[in-house]
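The values are calculated or read from the model by the stated rules, or taken from the named source; none is laboratory data. Keep in mind it's a predicted model, so treat the numbers as computed, not measured. All Cβ positions, even for glycine, are placed from backbone atoms using ideal geometry, and neighbour counts span all protein chains on display. Remember, those area values only see protein heavy atoms, side chains included, never the ligands or the DNA or RNA. Shrake-Rupley method; radii C 1.70, N 1.55, O 1.52, S 1.80 Å.
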Amino acid sequence: MQKPRLITKSRFKLAYECPTKLFYTGKKEYADQKTDDKFLKALADGGFQVGELAKLYIPNGQNIDTVDHDQSLKETHDLLRAENAIIYEAATQFENFFARVDILRKNKSSIDLIEVKSKSFDPEKPFVGKKGKINSDWDPYLQDVAFQTFVFRNEHPDFTVKAYLYLTDKRAVCSVDGLNQKFYLEQDDRGRARAVVKGEVTDEDLASPIMVLKDVTDIVDRILSDKDYSARLKKWAKAYESDERIAPELSSACTKCQFHIPRDDKSLSLKCGRTECWSSVTGLSRAELQKPTVLELWEFRGKDKAIEEKKYFLADLEEDDIGPETDDEPGLSRSERQWKQVQKAKENDDTPYLDLHGLSGEVSQWLFPLHFIDFETTTVAIPFHKGTHPYEGIAFQYSHHVVSEDGSTRHAGQYLHSVRGEFPNFDFIRQLKSELDKDHGTIFRYAAHENTYLNFIISQLERSQENDRKDLIKFMQTIAKPTKARQGEWEANREMVDMLQLVRRYHYDPATHGSNSIKYVLPAVLNASKSLQAKYSQPIYGSEGGVGSLNFKNHAWIKVEKGNVINPYKTLPKLSEGEEEKAADFLYRAEQIKDGGSAMMAWARMQFTEMSDTEHAALKSALLKYCELDTFAMVMIYEYWKECLAKQVKKTEQEQKPKRA
């Protein structure tokens, strides 16, 4: 007999986002932009390690290890017969709803249902706002524990159940060194992640807890008191059991749907769930829905209104829908850029827009040599070192390209700290300072990330006893502007130039589909520039007399498929390339490190898993190449702007030449 399809915690979370997603989840024929690899998720958020630490704070429990559904229920019921019990991963089921409870604590007829989360708790950001509404940041977590409470109370109505969230405490200060390295991740034969304690965790390690237990019973009761709550869950369960699609409701939330194939992906091997939803509601065909929709409109807050008015496409919008207005800054304001995007769609114009006059004004202020930097960073729930807080920023890698006034380019420096258990931030800054302190050339970043992390590290150094902390802080304060929290504390006389802001103000290409991410801007630029295509289709990167590189040799960045340049991030070498044996079965099964999230997980894997020297070396190599491309991408965008400005100057000169009689 076939077992019923159950609404588990993960499926509940999916349905809470959008109940139509239940129809698409787990089906191989549909595209899914989110990995279902639980091991990678564990690396990304540190949840398993926090879960294991929570068990040490609430010790002496019985663990339900079995993955068998019926057996896990039986073992839980047996343990609940005792007058007092602590159960890890307790199983509970009511009708077609099934949940595993992280920690269940029984005292006679009272039950504490404890959901462990790696999210940090900040008293200044409470669960409920002043008007009594649940804060959006906390809503998914509270809905999660409410679902578990619903299932357990219905299965065991004779118990009094209180609900808790067990969270990392943002205010807590770690009292020991090395706590983080006591928790490693392993993968079992089913591919599941589990945290394993390495070495001895002492009473001293646990004496100053970095987690806080918060009673959320009142909020959970309020959620469950909704008269439609039970009916809504049963509707989801019925649809999932019978494999029926719940009628979709189109909204701006569709922008983040994982069951979606981007318009520039011509693959027909998978179905697009989002397109099917939109087609079923609008009556439009898949081909018609390949036109730019309002979901692509950058930072547009009127998406829901437009959808409600059946203005599904950018071309349907009018000027009154946007209300473009200028601001006090050079270039396009946010609303002007939005209207520019709409105009391009209306006119079926796929040519790039460049404000060459505004861009020229920016370029005139730059000093050679030009420096392009990019940081790879992470945060970890369990601190590495004494005196640090949960989720303090860690800067583990950077890349640095230099462009000289004569146009020559080289990969001038890099840093990657992969030694386990060491706090890298101060050495990271020392090396960065040694590379950038040699001249007064303009420094470029892409987005606010680098500026934010330099502010983090300034604060960390101010609390430290490093002998050179004053010099390091002084250096950072010359290139990083203060964040809002420290506004006015210093003035950066060599403030980094944010290329993302230059893109937003002066440059729009319809090929980016409204995104300003460097992962979209770079291929758009390369497809727009024949000269860059000609230059970088040759193996000059990392060649003698070409572009100097620390990680590539005789490399050609430009590869063309069906008339379009392949995004260079998709052509990064696979992890096992050049190795005698497969180095790593890792990262989205594509064996590539191709975005910041992947880089963070690669570094986490080097910190928190056992691996061979071969795999460790392969991951290091892949990280170095990925980060090097990030800064070279900035260089290529700069070269494109320089090329366009040069063409404009030449055109102006020709127009100003006196005409022959």
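Summary table below
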{"item": "Answer residue from the range 485-521, given it is of a type in the set (F, W, Y) and under 24 Å from the mean Cα position of the chain (by Cα) and is modelled with the lowest pLDDT among those", "result": "Y520"}
{"item": "Residue in the range 358-374 that is closer than 30 Å to Q49 by Cα and modelled with pLDDT of 95 or more present", "result": "yes"}
{"item": "Residue selected from the range 48-80 under the condition polar (S, T, N, Q), surrounded by 13 or more Cβ atoms within 10 Å (Cβ to Cβ) and not in a helix (DSSP H, G or I), by the criterion modelled with the lowest pLDDT", "result": "T66"}
{"item": "The range 344-355, subset crowded, with 18+ Cβ neighbours inside 10 Å and out of contact with any His (no Cβ under 8 Å at 6 or more places or on another chain), residue farthest from V497 (Cα to Cα)", "result": "A345"}
{"item": "Cβ pairs under 6 Å, 6+ apart, first in the range 382-408 and without any contact (Cβ under 8 Å) to a residue 60 or more places away in the chain, second not in a loop (DSSP other than H, G, I, E, B)", "result": "I394/T378; V402/H371; V402/R410; V402/A412"}
{"item": "Some residue of the range 580-588 being modelled with pLDDT of 85 or more and either open to solvent by 30 Å² or more (accessible area, probe 1.4 Å) or among the polar types (S, T, N, Q) (or both)", "result": "no"}
{"item": "Odd one out for K344 among (1) modelled with pLDDT under 95; (2) over 30 Å from A54 (Cα atoms); (3) basic (K, R)", "result": "(1)"}
{"item": "Residue that is most open to solvent (accessible area, probe 1.4 Å) [pool: residues in the range 545-567 that are more than 30 Å from the chain's Cα centre (by Cα) and farther than 20 Å from M634 by Cβ]", "result": "K562"}
{"item": "Answer from K162, K170, K119 - the residue that is farther than 24 Å from R11 by Cβ and either modelled with pLDDT under 95 or of a type in the set (A, V, I, L, M) (or both)", "result": "K170"}
{"item": "Selection status of D226, surrounded by fewer than 18 Cβ atoms within 10 Å (Cβ to Cβ), closer than 18 Å to D144 by Cβ and of a type outside the set (A, V, I, L, M)", "result": "yes"}
{"item": "Count of the range 331-343 residues which are open to solvent by less than 70 Å² (accessible area, probe 1.4 Å) and either within 15 Å of V503 (Cβ to Cβ) or touching a strand residue (DSSP E or B) at 6+ places or on another chain (Cβ under 7 Å) (or both)", "result": "8"}
{"item": "Matching entry among K170, K108, K131 (being farther than 30 Å from S612 by Cβ, more than 23 Å from the chain's Cα centre (by Cα) and in contact (Cβ under 8 Å) with a residue 24 or more places away in the chain)", "result": "K108"}
{"item": "Among the candidates A524, A492, residue that is open to solvent by less than 30 Å² (accessible area, probe 1.4 Å), within 30 Å of D355 (Cα to Cα), without any contact (Cβ under 8 Å) to a residue 40 or more places away in the chain and not β-branched (V, I, T)", "result": "A492"}
{"item": "Those helices (runs of 4 or more DSSP H) lying entirely in the range 417-485 with at least 1 residues in contact with a His (Cβ under 7 Å, 6 or more places away or on another chain) and basic (K, R)", "result": "none"}
{"item": "Residue tally, condition assigned to a helix (DSSP H, G or I) and open to solvent by less than 70 Å² (accessible area, probe 1.4 Å), over the range 260-280", "result": "7"}
{"item": "Among the candidates A207, A195, residue that is touching a residue at least 60 places away in the same chain (Cβ under 8 Å) and more than 30 Å from A306 (Cα to Cα)", "result": "A195"}
{"item": "Positions within the range 527-544 being of a type outside the set (K, R) and open to solvent by 10 Å² or more (accessible area, probe 1.4 Å), in sequence order", "result": "N527, A528, S531, Q533, A534, S537, Q538, P539, I540, G542, S543, E544"}
{"item": "A599 part of a helix (DSSP H, G or I), modelled with pLDDT under 95 and open to solvent by less than 10 Å² (accessible area, probe 1.4 Å)", "result": "yes"}
{"item": "Subset of the range 527-561 (residues that are without any contact (Cβ under 8 Å) to a residue 12 or more places away in the chain, assigned to a loop (DSSP other than H, G, I, E, B) and charged (D, E, K, R))", "result": "E544, K553"}
{"item": "Close pairs (7 angstrom Cβ cut-off, 6 or more residues apart or separate chains): among the polar types (S, T, N, Q) in the range 137-164, in a loop (DSSP other than H, G, I, E, B) anywhere", "result": "T160/S109"}
{"item": "Given (1) under 27 Å from the mean Cα position of the chain (by Cα); (2) modelled with pLDDT of 90 or more; (3) aromatic (F, W, Y), index of the condition Y541 fails", "result": "(1)"}
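For (1) in contact (Cβ under 8 Å) with a residue 12 or more places away in the chain; (2) in a helix (DSSP H, G or I); (3) under 23 Å from G548 (Cβ atoms), each residue gets a yes or a no:
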{"position": "E615", "(1), (2), (3)": "yes, yes, no"}
{"position": "S621", "(1), (2), (3)": "yes, yes, yes"}
{"position": "K625", "(1), (2), (3)": "yes, yes, yes"}
{"position": "E628", "(1), (2), (3)": "yes, yes, yes"}
{"position": "A633", "(1), (2), (3)": "yes, yes, yes"}
{"position": "M636", "(1), (2), (3)": "yes, yes, yes"}
{"position": "E639", "(1), (2), (3)": "yes, yes, yes"}
{"position": "L645", "(1), (2), (3)": "yes, yes, no"}
{"position": "V649", "(1), (2), (3)": "no, yes, no"}
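Each row is one residue, and each column tells you yes or no for (1) open to solvent by 20 Å² or more (accessible area, probe 1.4 Å); (2) among the acidic types (D, E); (3) part of a loop (DSSP other than H, G, I, E, B); (4) under 20 Å from L532 (Cβ atoms).
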| site | (1), (2), (3), (4) |
| --- | --- |
| F372 | no, no, no, yes |
| P383 | no, no, yes, no |
| G387 | yes, no, yes, no |
| Y391 | yes, no, yes, no |
| Q397 | no, no, no, no |
| H401 | no, no, no, yes |
| G407 | yes, no, yes, yes |
| A412 | yes, no, no, no |
